[in-house]
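The values are calculated or read from the model by the stated rules, or taken from the named source; none is laboratory data. Please read these numbers as outputs of a predicted model, since none were measured by experiment. As a convention, Cβ positions derive from the backbone with ideal geometry for all residues, glycine included, and neighbour counts pool all protein chains shown. Side chains are part of the model used for accessible areas, which takes the heavy atoms of the whole protein and leaves out ligands, DNA and RNA. Shrake-Rupley method; radii C 1.70, N 1.55, O 1.52, S 1.80 Å.
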Amino acid sequence: EIHALPIHCSSPTGRVSPLKPDKGLEGDTIMLAPSNDRSQASDTPPRPPSHASPHSPHIASPHAQEEPASRPSAKAAPSIPTFYFGGRPSDLLVAQCDEEAIELDAFFRAHSAGVQRDDFGVFCCKVCGFPSFFRDSLFDKIGPTDGVLGVAKAREWWEQHCKLKDAETRLFELLRGHGKSHVTRDDWMLHLKTFLNTHPGLEFLKATPEFQERYLECVIERVYYTVNRSDNGLMSLSEVLKSNLVAVLRNLDVEPDINQILDYFSYEHFYVCYCKFWELDTDHDFLLDREDLVKHGNYALTYRIVDRIFAGAPRPVSSGVEDKIGYRDFIWLLLSEEDKTSETAIRYWFRAINLDATGYITPHEISFFYQEQLHRMDCLAQEVVQFEDMLCQMTDMVKPKESGRISMLDLRRCKQSSVFFNVVFNLTKFIQSDSKDPAQIFHERATPELTDWDRYAKEEYARLAMEEEENELGLGDDC
């Protein structure tokens with residue numbers, strides 16, 4: 001277990017938290033702007049070299065001659081699985097299968113006595129169509145004997161799990177455990193270990209295996225955040241079919257810069273997640289309590305929404321410790337907090353606000369959370385927007401199908417879910433969005449392929465990297 005390795009960051013002196021609604025004032029000022037203060041770090045996750053582009057140690061891949069694919073959009077419509085009429089596969093799939101069969105025969109003629117691990121890349125990539133970093137896990141999954149895999153076993157596996165099947169189904173067949181109908185986090189962990197040690201963009205991370213583990217944990221959690229819509233930890237074939245996982249993994253196999261893979265695998269995104277968690281975890285037990293979490297974003301979240309998070313309303317807490325949330329829980333919170341327009345974030349915050357779990361948010365529930373926002377506005381000498389006026393504005397913006405109650409579908413359709421949620425429980429972001437810089441608006445419109453999370457992570461990583469460099473130069477005390 002890792003408790004005291006990266007960024008040690010104590011709370012800056014003089015910072016006063018916004019008050020709970022039932023308490024009096026306890027200080028001179030309440031700070032709303034996000035803080036840029038961090039104390040000097042003794043150890044941090046290593047940052048990748050700025051201009052490093054090492055040669056890839058990957059096994060030859062069928063995608064290696066292609067240009068790296070552009071990032072599959074997180075908001076793009078899911079690919080539609082092939083529809084078979086009367087059990088007959090499509091002509092395209094049949095033609096692909098014929099080509100693979102030719103490759104298969106040629107491969108086995110060259111290895112009639114059996115295949116060793118180092119020679120298995122051709123079968124993995126050209127015959128099965130998997131990324132090269134799945135070579136070792138596929139070899140072990142089929143089951144070698146004394147380090148040699150018989151050609152009959154390999155052919156049987158291809159015919160059962162790959163022949164006439166699309167790429168998403170093949171990926172699911174590879175990942176899932178024997179006899180299982182779903183894919184777990186442990187399955188992903190097992191199959192991505194080779195990727196950790198072979199991808200050129202992660203070469204620098206080999207010196208710190210503890211952060212390899214944390215990075216991979218973050219990657220897998222982000223995969224489940226986006227793909228596992230049922231949020232039960234059991235990824236189904238249907239969920240894989242609707243995802244962009246195949247496109248992302250293929251891109252990962254040809255792109256040497258890991259930070260160009262914005263979906264799931266960006267090291268910079270992991271760096272931000274880990275450092276934000278470590279800054280809040282002041283006792284470094286790798287757990288956060290309410291008083292830790294309420295400091296996030298310089299006390300941006302209300303106490304009432306924090307209480308709902310710890311109660312497991314948005315999703316069950318996975319830490320296993322009463323009144324504590326862990327690293328995985330925080331990743332879900334941070335992703336949902338910084339991009340409230342994503343499908344998962346809307347579901348996350350909707351459940352948090354829906355006190356009676358009826359599937360509809362009512363004015364009574366909005367009022368429960370908004371009372372704390374009113375108190376904060378008053379403490380900050382902001383213009384107070386009364387509940388009735390706010391409710392009228394939110395109703396006009398969301399346009400619920402049924403008067404007096406808002407459904408999750410209403411929030412998806414209105415395209416303004418972030419504004420709605422910020423009004424209810426994040427005054428800082430509400431004020432910031434109300435006075436957004438025109439240059440920022442222009443930049444967002446010019447880069448529609450980026451999500452709110454992508455933009456946040458980019459800015460936050462630049463800030464964290466600059467602060468670490470200043471600390472290394474001994475300038476931390478002067479900043």
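Just checking, does segment 325-333 include any residue being without any contact (Cβ under 8 Å) to a residue 40 or more places away in the chain, part of a loop (DSSP other than H, G, I, E, B) and open to solvent by less than 10 Å² (accessible area, probe 1.4 Å)?
no
Only one of Thr194, Thr226 is open to solvent by 10 Å² or more (accessible area, probe 1.4 Å), assigned to a helix (DSSP H, G or I), hydroxyl-bearing (Ser, Thr, Tyr) and more than 16 Å from Ile331 (Cα to Cα). Can you tell me which?
Only one candidate passes the filter, namely Thr194.
Leu287 is checked against (1) touching a residue at least 12 places away in the same chain (Cβ under 8 Å); (2) out of contact with any strand residue (DSSP E or B) (no Cβ under 8 Å at 6 or more places or on another chain); (3) farther than 18 Å from Glu337 by Cα and fails just one. What number does that condition carry?
All conditions are met except number (2).
Please go through segment 197-223 and pick out each residue that is part of a loop (DSSP other than H, G, I, E, B) and within 23 Å of Phe277 (Cβ to Cβ).
The answer is Thr208, and nothing else.
Can you name the residue in segment 398-424 that is surrounded by fewer than 16 Cβ atoms within 10 Å (Cβ to Cβ) and either among the small types (Gly, Ala, Ser) or assigned to a helix (DSSP H, G or I) (or both) and, of all such residues, is nearest to the chain's Cα centre (by Cα)?
Looking at the filtered set, the residue picked out is Arg412.
Looking only at segment 441-461, how many residues end up being surrounded by 12 or more Cβ atoms within 10 Å (Cβ to Cβ) and either small (Gly, Ala, Ser) or assigned to a loop (DSSP other than H, G, I, E, B) (or both)?
Count: 4.
Looking only at segment 176-199, count how many residues are in contact (Cβ under 8 Å) with a residue 40 or more places away in the chain and not charged (D, E, K, R).
11
So Val219 passes all but one of these: (1) farther than 30 Å from Ala110 by Cβ; (2) surrounded by fewer than 20 Cβ atoms within 10 Å (Cβ to Cβ). Which condition number does it fail?
The failed condition is (2).
For segment 296-316, which positions are more than 16 Å from Phe430 (Cα to Cα) and either among the hydroxyl-bearing types (Ser, Thr, Tyr) or touching a Gly at 6+ places or on another chain (Cβ under 8 Å) (or both)?
Tyr303
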